[in-house]
């Protein structure tokens, strides 16, 4: 596959002290504040902007679902974080996760439109359905809705949000002091949505934002998730371990996008990669080994048991996974992540202890240890061979892992003509080469005039 020069896309997925679960135990980490120190998060964003990355991304979930003994677990609400980061940056895209299962469309559409205004058009929404029961019990439910129900709600949630973002036409604000007319009422539209899950009168209180709407991102790789992404997503965060699996996912998603009547070039596929960079390959491997030695298996085994829907006692550390695990059809949570973990363990005949080590760096995302040149080679190999439009960079350790990537790997990609030398736009859509969506009301009026 041939890509246009300089069109590789890079997003930095930022997570507390780093993606490796033991990163907080290293001397460089300050585990007391990595998740809630806004100055620390702002500095990471400035580093990513110095590297001219397309965007940064924060995950989120509305429940304290893990043992807090394992790793730093406290978080801030991510759209608030994006607003604070927008104040100190000027170009880097700003993406946050928000659940369609445990939010309402009006408030969430308003929050993301507000971030898009505050940032001058740099907001993105990572759309998730939330795949763990602890969240349900925080919202008055006995358990999470089924996988299919969550995606049906997500589709209607997004349709309502799209209507709300279109409820103000771009030229609704007139500002005519002489005539005493601030806005054109004919260009602000109540959406009047009545559906199975939502009834929303509208219009939004927030005028149309610089991008028209935030960039839409999705991260599920189940069958329902891929169909949802093909219909709506403009960037897709995904996890594959091998080139062949990544190529298969890439081709499948692009095909599905065509079936939904979309240009597949407007659906960007960004697999996750956890780069561990050293001056030599041996140094990089020693860095990774040091992190793995700091994993506490008693915590990691409990987390793995949750993913596999088994009891921790069924996972002896020095044996391979049990033969009688549930099928993917029996999983109501993160189906694609379940399958990825099981396939990895089966394919490489890993013991539970070895699997815990492999998952410690990126929870199923590809971990790659090597020199900056070797990391650049790994990125280019998947990019050149139809497996990715770019990558979700997941530093194992923060801040050093992001510094190493920006200062050592990015210049190599630039020298090879794969990545930008400077930002050429100011909005997230411009970074990703995507147009501002046309407002449905403006389009209808234009079509009516043309008739």
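The values are calculated or read from the model by the stated rules, or taken from the named source; none is laboratory data. Just so it is clear, the model here is predicted, and its values are computed rather than measured. When we count neighbours, we look across all protein chains shown, and the Cβ atoms used for this are built from the backbone with ideal geometry, even at glycine.
What is the residue count in the stretch 298-331 for residues that are under 27 Å from the mean Cα position of the chain (by Cα) and part of a helix (DSSP H, G or I)? Count: 13. Taking the criterion of being under 18 Å from residue 358 (Cα atoms) and at pLDDT below 80, the residues of the stretch 305-336 that qualify are 306, 307, 336.
Answer with yes or no whether residue 75 is surrounded by 18 or more Cβ atoms within 10 Å (Cβ to Cβ) and either on the phi > 0 side of the Ramachandran plot or in contact (Cβ under 8 Å) with a residue 24 or more places away in the chain (or both). So residue 75 does not fit the description; no. Looking only at residues in the stretch 12-45 that are within 18 Å of residue 407 (Cβ to Cβ) and within 19 Å of the chain's Cα centre (by Cα), the one that is modelled with the lowest pLDDT is 18.
Yes/no matrix, rows are residues, columns are (1) in contact with a helix residue (DSSP H, G or I) (Cβ under 8 Å, 6 or more places away or on another chain); (2) surrounded by fewer than 22 Cβ atoms within 10 Å (Cβ to Cβ); (3) closer than 30 Å to residue 321 by Cβ; (4) free of Cβ contacts under 8 Å to residues at least 12 places away in the same chain:
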{"residue": "370", "(1), (2), (3), (4)": "yes, yes, yes, no"}
{"residue": "403", "(1), (2), (3), (4)": "yes, yes, no, no"}
{"residue": "408", "(1), (2), (3), (4)": "yes, yes, no, no"}
{"residue": "417", "(1), (2), (3), (4)": "no, yes, no, no"}
{"residue": "424", "(1), (2), (3), (4)": "yes, yes, no, yes"}
{"residue": "447", "(1), (2), (3), (4)": "no, yes, no, yes"}
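Applying the criterion of being surrounded by 13 or more Cβ atoms within 10 Å (Cβ to Cβ) and touching a strand residue (DSSP E or B) at 6+ places or on another chain (Cβ under 8 Å) to the residues of the stretch 292-324, the residue that is nearest to residue 397 (Cα to Cα) is 317. Scanning the stretch 114-138 for residues that are more than 23 Å from residue 82 (Cβ to Cβ) and over 18 Å from the mean Cα position of the chain (by Cα) returns 133, 134, 136, 137. Pull up the stretch 229-259, narrow it to residues that are assigned to a loop (DSSP other than H, G, I, E, B) and at pLDDT below 95, then point me to the one that is nearest to the chain's Cα centre (by Cα). Among residues in the stretch 229-259 that are assigned to a loop (DSSP other than H, G, I, E, B) and at pLDDT below 95, the one nearest to the chain's Cα centre (by Cα) is 239. Could you tell me whether any residue of the stretch 260-271 is out of contact with any strand residue (DSSP E or B) (no Cβ under 7 Å at 6 or more places or on another chain), over 28 Å from residue 435 (Cβ atoms) and part of a helix (DSSP H, G or I)? The answer is no, given that none of the residues of the stretch 260-271 is out of contact with any strand residue (DSSP E or B) (no Cβ under 7 Å at 6 or more places or on another chain), over 28 Å from residue 435 (Cβ atoms) and part of a helix (DSSP H, G or I). Going by what's in this entry, would residue 96 be described as free of Cβ contacts under 8 Å to residues at least 40 places away in the same chain, part of a strand (DSSP E or B) and either closer than 22 Å to residue 236 by Cα or under 19 Å from the mean Cα position of the chain (by Cα) (or both)? For residue 96, the condition - free of Cβ contacts under 8 Å to residues at least 40 places away in the same chain, part of a strand (DSSP E or B) and either closer than 22 Å to residue 236 by Cα or under 19 Å from the mean Cα position of the chain (by Cα) (or both) - is met. Taking the stretch 208-225 as the range and being modelled with pLDDT under 95, surrounded by fewer than 24 Cβ atoms within 10 Å (Cβ to Cβ) and either within 19 Å of residue 94 (Cβ to Cβ) or touching a helix residue (DSSP H, G or I) at 6+ places or on another chain (Cβ under 6 Å) (or both) as the test, the residues that pass are 221, 222, 224. Restricting the stretch 135-147 to residues that are closer than 17 Å to residue 98 by Cβ and in contact (Cβ under 8 Å) with a residue 60 or more places away in the chain, the residue that is surrounded by the fewest Cβ atoms within 10 Å (Cβ to Cβ) is 138.
On the basis of being touching a residue at least 40 places away in the same chain (Cβ under 8 Å), farther than 12 Å from residue 79 by Cβ and either in contact with a strand residue (DSSP E or B) (Cβ under 7 Å, 6 or more places away or on another chain) or in a strand (DSSP E or B) (or both), does residue 102 make the cut? Against the criterion (touching a residue at least 40 places away in the same chain (Cβ under 8 Å), farther than 12 Å from residue 79 by Cβ and either in contact with a strand residue (DSSP E or B) (Cβ under 7 Å, 6 or more places away or on another chain) or in a strand (DSSP E or B) (or both)), residue 102 does not qualify.
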